[in-house]
Amino acid sequence: MSREFSKIKESLASWGEIRQLLRGGEQGQLVPVVIPKDRRGFAWMALVFLALYCAGMAALTDLTIIAALAALFFLALALVMIWRKAIIEIEEGTTGVRSRWGAITSTLPPGRHYLWLPWDRVDAVVDTSTEIPYSAPIVACPTAENVPLKSIEFFLKFRIVDPVAFVRTIGAGNFDLVLSSAVQDAIRQRSRRVNTERAYDLRGSDVGDMQDALNRQLGRYGVRITGANIPDVQLPDQYQQHLSTREKVAKEMSAYEREWELTRKRRIDTLLMEIERSKKTRDARVVEVKAAHNTARKDVARMLEEQETEAQRVTWEIEARGRAELTAAENEAKALRRLAESYRDNRAVLQYELARKRLDVGAKLAENAPQPLVVRTQQGQSDSALSTLLLAQLLPRISGMGSGPGSGHVNGHTPSA
């Protein structure tokens, strides 16, 4: 494990060395910012002076053509030199900070650019795409019990997202001091919340809160922390011996626990075998009971069927007997009805015969009945002597015959003794 903080610095280099410094660093130090040397010199001015001198010679001497050609040559060479020195190339993944008269005016994206004016220059080339790794081993971090840990290694990755703010506000050298201080403070605060016996839990633990806190502190410098973790934690030697003793005891306890677990499993297996054997016996008995139950159900079902059959037979016999008696009663009633009808018909015939015989007897009696003698007298007058005499003669006859159908009235009066 590294025992030193990662170092961040900025370097002054030519345009040809910028790529190597940004990607590989310098002497084991991280170089996220390179200040390029301005390669634009004033050699072109000497060529311009030569061109002017040749032009003067062409105007004042007889070497007009040769001097004019020399002036044009030196002037063209000066222009080519100016054009060549004005070209700058920003590498992919980097950003150039452009300034004018020392004031930062804009940024230059990757690609070819031209700086024609001598007071325009590139102050810095900043790596804005690479996630720069940073390692910070913190020594003597106290825990919650105030036990100083031997060391805690903290690893993070950051990226410069605002090159102008980074260059203008802090710079690479000062940022190294600020970052190391912020990391130490964050690690010490985290270790203060952890008990010594759980210090190893810091390895690989979630440090999202630390990353957020660092982003809040470093965001003003145009830097963003993209990842962080704690790869290693080392305890004090004495506490490590104590932990080794505890680990030894824990291993012995674990061995005893495994032995007891094996014994328990063996006993459990034996009990399970006994339980399975008991289950099989119980299942066999359950099968026998079910078979006996099924047999009993069959017997009861057969008995019930027989009883139902007998009851059905008795019911049918009773119904047949009742139907026969009902039929006999109905037949008897019909016979009585017919007999009554015949009696009624015979009675009418008899009544007719009786009436006819009564008429015959009445006719015979009428034929043999005496003829009454009616003596009419005037109304309101007393009987004459003749009528009285005749009546005296007839009274004995009438009284001898007795009362009968032949008896009658004389002159409307009933004779009396």
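Restrict the check to the range 294-306 and report whether at least one residue is of a type outside the set (Gly, Ala, Ser), within 30 Å of residue 142 (Cβ to Cβ) and at pLDDT 85 or above.
Kept after step one, since they are of a type outside the set (Gly, Ala, Ser), are these residues of the range 294-306: 294-295, 297-300, 302-306.
With the extra rule that they be within 30 Å of residue 142 (Cβ to Cβ), the set shrinks to none.
So far as the range 294-306 goes, no, none of its residues is of a type outside the set (Gly, Ala, Ser), within 30 Å of residue 142 (Cβ to Cβ) and at pLDDT 85 or above.
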Top-ranked residue in the range 131-158 [being at pLDDT below 80 and of a type in the set (Ser, Thr, Tyr); ranked as farthest from the chain's Cα centre (by Cα)]: 151
Can you name the condition, by its number, that residue 93 falls short on among (1) over 30 Å from residue 201 (Cα atoms); (2) out of contact with any Ser or Thr (no Cβ under 6 Å at 6 or more places or on another chain)? (2)
Condition check for residue 168: surrounded by 15 or more Cβ atoms within 10 Å (Cβ to Cβ), among the basic types (Lys, Arg) and under 17 Å from residue 9 (Cα atoms): yes
Answer yes or no as to whether residue 68 is of a type outside the set (S, T, N, Q) and surrounded by fewer than 13 Cβ atoms within 10 Å (Cβ to Cβ). no
Please find, among 213, 199, the residue that is at pLDDT below 75 and surrounded by 16 or more Cβ atoms within 10 Å (Cβ to Cβ). 199
Looking at residue 143, is it of a type in the set (S, T, N, Q), closer than 30 Å to residue 33 by Cα and surrounded by 19 or more Cβ atoms within 10 Å (Cβ to Cβ)? no
Would the range 193-207 turn up any residue that is in the same structural domain as residue 137 (by TED's automatic domain parsing) and within 30 Å of residue 94 (Cβ to Cβ)? yes
Can you tell me which of (1) small (Gly, Ala, Ser); (2) in contact with a helix residue (DSSP H, G or I) (Cβ under 9 Å, 6 or more places away or on another chain); (3) closer than 14 Å to residue 153 by Cα is the one residue 180 doesn't meet? (2)
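Please specify each residue of the range 180-207 satisfying the condition of being over 30 Å from residue 170 (Cβ atoms) and either touching a residue at least 60 places away in the same chain (Cβ under 8 Å) or of a type in the set (Asp, Glu) (or both).
197, 201, listed by residue number.
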Quick one: which of 165, 172, 213 is out of contact with any Ser or Thr (no Cβ under 7 Å at 6 or more places or on another chain) and without any contact (Cβ under 8 Å) to a residue 40 or more places away in the chain? 213
Determine if the range 81-91 includes at least one residue that is in the same structural domain as residue 32 (by TED's automatic domain parsing), under 55 Å from the mean Cα position of the chain (by Cα) and at negative phi. yes
List the helices (runs of 4 or more DSSP H) that sit entirely inside the range 157-236 and contain at least 3 residues that are among the charged types (D, E, K, R), touching a Pro at 6+ places or on another chain (Cβ under 8 Å) and more than 22 Å from residue 141 (Cα to Cα). none
Does any residue of the range 9-22 turn out to be surrounded by 17 or more Cβ atoms within 10 Å (Cβ to Cβ) and either modelled with pLDDT under 70 or aromatic (Phe, Trp, Tyr) (or both)? yes
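The values are calculated or read from the model by the stated rules, or taken from the named source; none is laboratory data. On a predicted model such as this, the values are computed, not experimentally measured, just so you know. We place every Cβ from the backbone using ideal geometry, glycine too, and count neighbours over all the protein chains shown.
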